[in-house]
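What follows is calculated from the coordinates using simple rules that are stated; it is not laboratory data. This structure is a prediction, so every number in the text was calculated from the model and none was measured.
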Amino acid sequence: MNAIREDFREILRLVRPGSRVLEIGCGEGVLLELLAREKQVDGRGLEISADGVSACLAKGLAVVQGDADRDLADYPTRGFDYVVLSQTLQQMRDPRRVLAELLRIAERAVVSLPNFGYWRVRLGLLLTGRMPMTGCLSEPWWSTPNIHLCTLRDFTSLCDELGVRIEDAAALAEGRKARRMDPSRGVENWRAEQAIFLLSRPGGVQSPRPATSPPRGDLFAN
Amino acid sequence: MSQEKDLSRIGETDGGSIRFGPESTLKLDSGAHLHGLEIAYCTYGRLNAAKSNAVLVCHALTLDQHVASDHPLTGKPGWWSQFVGEGRPLDPARHFIICSNVVGGCMGTTGPSSIDPRTGRVFGLTFPMITIADMVRAQVMLIDALGIDTLFAVVGGSMGGMQVLQWAADYPDRVFSAICIAGAARHSAQNIAFHEVGRQAIMADPDWRGGDYAREGVRPEKGLAVARMAAHITYLSEAALQRKFGREMQRDGLSWGFDADFQVESYLRHQGASFVDRFDANSYLYITRAMDYFDLAASYGGVLAEAFRRAREVRFCVLSFTSDWLYPTAESRSIVRALNAAGCRASFVEIETDKGHDAFLLDEPVMEAALSGFLEAVAQARGLT
């Protein structure tokens, strides 16, 4: 799962030290622990499984058991600097609403997802006529938690529709270093196995907290 | 206070009772004052030199300070022995564990069955009304007397969880971590309704004598037993009752009468009958009333998050049980929502079990793992070894 670790490395680079971070779908807290250790963030998590939350408790992480499809409304507006949704948006019942909620809760959202437009996925479907199973889409259709897969182009057009600004984006592929990219380019929709986005909403909810700007520009520098 | 406990003389398992002098009366929410307050408590383990390992366990409605040692009246093991003891999440080898009988109780702390020092007679219904916050104030007097400034953890289930929340709201600087199990931030209409049934059962017993039974040398045992029977049902779940008893009979065939034909009847009768041996009817009235009056948000304009505004440094752990219909998960979720809104460090787990509200007293491995993990992480943050 090298690609996943690269994903985390990108998020680590992205997040401003000492910031307030909410990770949704934090599992056993691997990323939150990294963020706390490497970036001294004040981290919180939301996780659906009791086992995951228990594992997080043992790591000293503040994690709440809950369902992102239902419980995001419980979080105060702009209570966080960043909200992180790693490889989870495609598992939500209502990804569109979740995306809007993310940018209510935090100034910036870091979202990573598998790209269903990736060439191996397209080729797999074309040649075998069956649901593709690639590195990051490893489960058969009847057991996959990914119920709302999308392509890079699908995602960027949803962002446009919601008025969400893509501040930065990088492509991730198994075993490779993250590569900064322009997600609107058609070729990236073929090349990127996974994508990670830094999102914000211009003119969105004003933060009640003092304005602090995260580092920008060099987030996904190779 | 009349005495400060000499900590060097506290044994591994210790306790007793502290009586406070006239200079330290307990001011109650009702406006009344309690003079000459006596607090009965148990301790396990030893306070470390830094005084950083003290844990206060807050007990539920009908429990008491005997959290991990045999009960003096029933001889049964402590009510939370599976969580407090050697190798348990709360370990006397590491923690200095304190549990005190709540004010209004009947196991040694001043309550309606105590003697009113002003009259020399049993309080009965002249005992002032008490609240969850009053219980916490009394606990503060105790830990002051024990020389403890900050508690490593305040832990409690059910009514104990209410006290935990009150501690975090009223004394956030004195609480390092707070564990609220199967609790609620307020009593619901259903909670109040069940308590009212219990109280009416007690008051309907002719031996209650308007609360004066002690002076008249009788006890409203029947009423108290019925109160316990009704309440006990709410502590279980439909699934647990079905699993344990189903329609199993006490003996072959029906009695064609009102004997306890069914095992569940016999079980409840036993629960009622054994309860009256260890609990006082007026204490039951007072403590259930304190729970009914509990609404933590009420003093904060109805906004629960405001209650936790000063508790941002407290590490919270909230646990609920799937089959608890007395304090259902929704109650814990609203606590967590408020903690989130206040920017507190909150963790929450809903534990899958069919054992109902009483699951917090039972052997629940997931709960034990969650508590152990949480306490271990808090210990590291607190620098406990």
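Taking only DSSP H segments of four or more residues, each worth -39500 (n - 2.57), what value at 222 nm results for chain B once the sum is divided by all its residues, to the nearest 500 deg cm²/dmol?
-10000 deg cm²/dmol
In the Gaussian network model of chain B, springs joining C-alpha atoms below 10 Å, which of B:Thr119, B:Thr353, B:Thr150 carries the largest mean-square fluctuation?
The residue with the greatest mean-square fluctuation here is B:Thr119.
Shape of region A:1-115 from its Cα gyration tensor (a ≥ b ≥ c, root eigenvalues): rounded if a/c is under 1.5, otherwise prolate when a/b > b/c, or oblate?
The shape class here is rounded.
What percent of all Cα-Cα pairs in region B:191-289 falls into each 10 Å bin, going from 0 up to the bin containing the maximum distance?
In order of increasing distance, the bins hold 16, 41, 29, 13, 1 percent.
Output the direction-averaged projected area (hull surface divided by four) of the convex hull of the alpha-carbon atoms of region B:102-149, in nm².
For region B:102-149, averaging the hull's shadow over all directions gives 3.7 nm².
Hey, could you get me the Stokes-Einstein D for region A:116-204, Kirkwood radius over alpha-carbon pairs, 4 °C and 1.567 mPa s, rounded to whole µm² s⁻¹?
Rounded to a whole number, D works out at 92 µm²/s.
Show me the helices of chain B, taken as full DSSP H stretches, that run 24 Å or more along their long axis by Cα and average 0.0 or above in Kyte-Doolittle hydropathy.
B:365-382
Could you pull the Rg and Dmax for the protein assembly as shown, using just the Cα atoms, both in Å?
Both quantities, over Cα of the protein assembly as shown: 28.1, 94 Å.
Per DSSP H run of n ≥ 4, the term is -39500 (n - 2.57); total these for chain A, divide by its residue number, and report the mean residue ellipticity at 222 nm rounded to 500 deg cm²/dmol.
The helix-only estimate for chain A comes to -9500 deg cm²/dmol at 222 nm.
What is the log10 of I(q)/I(0) for region B:7-143, computed with the Debye formula using one identical point scatterer on each Cα and no solvent, at q = 0.11 Å⁻¹?
-0.41
Once the Cα atoms of helix A:152-162 and of chain A are each reduced to a long axis, what angle between those two axes, in degrees from 0 to 90 to the nearest 10, is obtained?
Approximately 40 degrees, to the nearest ten.
Rank B:Ala50, B:Ala330, B:Ala138 by mean-square fluctuation in a GNM of chain B with C-alpha springs under 10 angstrom and give only the top-ranked residue.
Sorting by GNM fluctuation, first place goes to B:Ala50.
Output the antiparallel fraction of DSSP beta bridges having both residues in the protein assembly as shown, as a percent to the nearest 5.
So the antiparallel bridges amount to about 40 percent of the total.
Starting from a Cα-only point model with no solvent, please compute log10 I(q)/I(0) by Debye for chain A at q = 0.08, 0.15 1/Å.
Cα-only, vacuum Debye calculation for chain A: -0.26, -0.98.
Using only the Cα atoms of region B:136-267, what semi-axes does the equivalent ellipsoid have when each is the square root of 5 times a gyration tensor eigenvalue? Give whole Å, largest first.
Semi-axes, largest first: 38, 22, 13 Å.
Roughly how far apart, in whole Å, are the Cα centres of region A:73-88 and region B:20-98?
Measuring centre to centre over Cα atoms gives 39 Å.
Write down the percent of antiparallel bridges among all DSSP beta bridges whose residues are both part of chain A, to the nearest 5.
45
Can you pick out the pairs among A:Lys39/A:Lys59; B:Lys76/B:Lys355; B:Lys76/B:Lys244; B:Lys76/B:Lys222; A:Lys39/A:Lys177 whose Cα atoms lie more than 25 Å from each other?
Correct reply: none exceed it.
Report for chain B the percent antiparallel among DSSP-assigned beta bridges with both residues inside it, nearest 5.
Counting only bridges with both partners in chain B, antiparallel ones make up about 40 percent.
Compute the semi-axes of the equivalent ellipsoid of chain B, taking the square root of 5 times each eigenvalue of the Cα gyration tensor, and list them largest first in whole Å.
Equivalent ellipsoid of chain B: 31, 26, 20 Å, largest first.
Take chain B, connect every pair of alpha-carbon atoms lying under 10 Å apart with a spring to form a Gaussian network, then pick out the residue of B:Tyr235, B:Tyr44, B:Tyr267 with the largest mean-square fluctuation.
B:Tyr267
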